[in-house]
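The values are calculated or read from the model by the stated rules, or taken from the named source; none is laboratory data. For clarity, every value in this text was computed on a predicted model and none was experimentally measured. When we count neighbours, we look across all protein chains shown, and the Cβ atoms used for this are built from the backbone with ideal geometry, even at glycine.
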Amino acid sequence: MRLFEAPEGHDPLFAWVCGYSADALCINDMAERFTGATADLRAAAGHIRMGLILDPGNVQLPLADIPGVAHLPMLAALQEPRAFALMHAKIALMGFRDHEDPARWRLRLVVSTGNWTTETLESSLDLAWTIELSSSEINTADGDVQQRCADISAAADLMSWLRERYDTQLLLAPSRGEPGETAQAIDLVDTWIVLCTKAVGDKRPRFFDSRRDSLHKQIPALVKGHAQPKRRQHLIMGSGFYEGGGDGALPSVPASIVEQLVQEGLLTASAAVTLVVNPSGCQAVALSMKAIHKAGWTVRPPGRPASLYGSDSRRELHAKFLFSCNSQEGSGRCTSGWVYLGSGNLTQPGFTRRAGAAGNLEAGVVFATGEMRWQPEVKVGRGKGMLVTHVEPGVLYVTETLPYQELELLTPDKPPAAGDDMPEREAAWLAPPVPWLQWEALPGQEEGRLRAPGPIPVGCELLDSTGAPCARDGDAWRWPAALPRQVALQWLDDEGVRRRALIPVQDGWGRMAATPLGTLSLGEVARRLDAFPLSMVEDDDDEGGAGDNAALILNAESPRTTRPANAIREMLAQIEAIASRQATIAESDWKAWCLRLEQSLVQAGDSREVDAFVQLKLNPLPALRSQGFVPAYASAADSESHRRLQAALQRVAQAWGMEGFADLGEHS
């Protein structure tokens, strides 16, 4: 999960994540690390920062359960013909922006063998590979930079392909008739990826997927291109699942991998071949132990590095990997090594077939390892009978980086169990006819309307909190209560199957499935705006936050007794703190800034500072559009950026009850 944390000095912008399965506990952990905010804070912000694409067999993870993360449904019309048997690829592509200089950015790619579930975190042995690229590197002719550009570009191409097959309307939802923050963030990350793609040069990506060819077919060329094209003496293959059934012969997929690598000149005919398996369930391997033994292969349970998992770990192998190298007997060194790791199990749907009706969508990476050693040296310690593992700094050990060990064997006399095949599941989360709903408050009433972004299909029903259908009101439904975070939608799919889903509701600020807005002091507003574009900041009245301006709020005097002079000084201090941040806002962020400014200031409408200014019949807000308090592009009164700010401040003044009041500057 640490791979999702923002680099130092950077703000999270948007992340695409795909995988076979996920649960809310793991995704909330991921989102907290990516955004730096707890679930409560993300729910209060109401902004989507991650798009989650899973196999349609995964049940819906509603936005209210994983705030800030949109679990995107597959488009039902694309179920047939099948683009893939399972959506099994497991990658994450993240964009971060420098907090001080918005023109500077970083992209990060993570390729994983594990699902985004609590079981993966707590019970599985999995692997991950990651790279980063910064904007400062993009224009160099360095080969390593071009290689990382090629990898990120290839992964982004797969993600774009998936985006066409899943419903992304929720991410593109407008706010007040204009592109929302999420849509703008996605566009910006896409722009960075385009720059990446232009800088690839002639580099072939290490990242690959199964859309056009199987993983099996592509691996030899990748090994030759990214590692030395020579024969190796060792091959280790590991997989959480192997093919089911079995007739006592060698398991067909591992056997075909060995045969292919020998034919391609990448493995010696007499190579030492090892299968790493789960002893409690390895499908056809368990039924083929005699044939495996006869072929001279070995079968081992997985290694569980004590340095990572402790000495008593019983984690089960879920990683899918190949490792091949040369090694002189007695030297302990591994040379000419290469690794494949990815989502593809060593089964026919996962490894030897391309994506389609009978093949999964898989993704992985092939890379050279550089020199490694098999395992750390074990030395005798000072205590009687004590053995100490000696790990040299900077040295990579096979047994410490891969789930591999050399202490235990499985044999025909001590065979593993076959276990169960991978379970099949039906599609559970397909795109509903209405992706989200817009709240419209009714004047003077707690209840309101929920309006769809497009025509409502026949047979589509909105259910109230009791499960009863809501009354239609044109292209909207009447909602008989206060603004909800999400609502239940019911409809018939093309097969006549009744489906139900929880649909997020957007409030008047463009927030999705958000908790109600609370009241803020001006000091809290200044602190939150100082963190822009982040929308989530922990409240802590004991710490000053934005330049310690929160400490300027009077604590001893009530709103009605605050002296006008003090109120003016307090307000001016907070306005100045806000203006100092406003003057640094990039033009691409101006729309989002104006909306955030308006929302935050409206939340401060009940503060003692505002109350004091209402008593004085003065409006301090025009100071925020004064020369020096706005960026150069918004300084001209007739510019669109200036007019946007002025309109936002006018709405704040209306919410504060200051319409028609004199400007503070006229009385200062």
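Table for the structure above
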read-out	value
Test: residue in the stretch 616-624 that is closer than 19 Å to residue 571 by Cβ, in contact with a Phe, Trp or Tyr (Cβ under 9 Å, 6 or more places away or on another chain) and exposed (fewer than 13 other Cβ atoms within 10 Å of the Cβ)	yes
Pick from the stretch 508-530, criterion in a loop (DSSP other than H, G, I, E, B) and among the small types (Gly, Ala, Ser), ranking: surrounded by the most Cβ atoms within 10 Å (Cβ to Cβ)	513
The listed residue being part of a loop (DSSP other than H, G, I, E, B), at pLDDT below 95 and small (Gly, Ala, Ser), out of 648, 623, 637	637
Residue in the stretch 585-595 that is part of a loop (DSSP other than H, G, I, E, B), under 30 Å from residue 187 (Cβ atoms) and not assigned by TED's automatic domain parsing to the domain that holds residue 184 present	yes
Residue count for the stretch 7-31, restricted to those that are of a type in the set (Asp, Glu) and closer than 22 Å to residue 111 by Cβ	2
The stretch 483-502, subset under 11 Å from residue 450 (Cα atoms) and among the aliphatic types (A, V, I, L, M), residue surrounded by the most Cβ atoms within 10 Å (Cβ to Cβ)	487
Residue that is farthest from residue 438 (Cα to Cα) [pool: residues in the stretch 1-58 that are of a type in the set (D, E, K, R) and not in a helix (DSSP H, G or I)]	8
Selection count where residues are within 27 Å of the chain's Cα centre (by Cα) and not hydroxyl-bearing (Ser, Thr, Tyr), scope the stretch 306-322	9
Considering residues of the stretch 257-280 that are over 35 Å from the mean Cα position of the chain (by Cα) and hydroxyl-bearing (Ser, Thr, Tyr) only, the residue surrounded by the most Cβ atoms within 10 Å (Cβ to Cβ)	268
Of residues in the stretch 433-479 being over 14 Å from residue 505 (Cα atoms), in contact (Cβ under 8 Å) with a residue 24 or more places away in the chain and surrounded by 14 or more Cβ atoms within 10 Å (Cβ to Cβ), the one nearest to the chain's Cα centre (by Cα)	433
Strands (runs of 3 or more DSSP E) contained entirely in the stretch 254-369, each with at least 1 residues that are modelled with pLDDT under 95	333-342
Complete set of residues in the stretch 242-252 that are within 33 Å of the chain's Cα centre (by Cα) and either among the charged types (D, E, K, R) or surrounded by fewer than 22 Cβ atoms within 10 Å (Cβ to Cβ) (or both)	243, 244
Single residue of 138, 219 found to be in the same structural domain as residue 334 (by TED's automatic domain parsing) and among the aliphatic types (A, V, I, L, M)	219
The one condition in (1) farther than 26 Å from residue 406 by Cβ; (2) without any contact (Cβ under 8 Å) to a residue 24 or more places away in the chain; (3) of a type in the set (Lys, Arg) that residue 294 fails to fulfil	(1)
Cβ pairs under 8 Å, 6+ apart, first in the stretch 406-423 and under 20 Å from residue 296 (Cβ atoms) and surrounded by 11 or more Cβ atoms within 10 Å (Cβ to Cβ), second of a type in the set (Ser, Thr, Tyr) and modelled with pLDDT of 90 or more	406/399; 409/298; 416/280
Odd one out for residue 571, checked against (1) at pLDDT 90 or above; (2) crowded, with 21+ Cβ neighbours inside 10 Å; (3) closer than 30 Å to residue 664 by Cβ	(1)
Listing of strands (runs of 3 or more DSSP E) fully contained in the stretch 396-489 that carry 2 or more residues being over 25 Å from residue 175 (Cβ atoms)	461-463
Some residue of the stretch 215-227 being part of a loop (DSSP other than H, G, I, E, B), in contact (Cβ under 8 Å) with a residue 24 or more places away in the chain and surrounded by fewer than 19 Cβ atoms within 10 Å (Cβ to Cβ)	no
In the stretch 12-52, residue farthest from residue 71 (Cα to Cα) [restricted to those that are among the basic types (Lys, Arg) and either surrounded by fewer than 24 Cβ atoms within 10 Å (Cβ to Cβ) or out of contact with any Phe, Trp or Tyr (no Cβ under 9 Å at 6 or more places or on another chain) (or both)]	33
The stretch 189-199: number of residues that are crowded, with 18+ Cβ neighbours inside 10 Å and closer than 27 Å to residue 512 by Cα	3
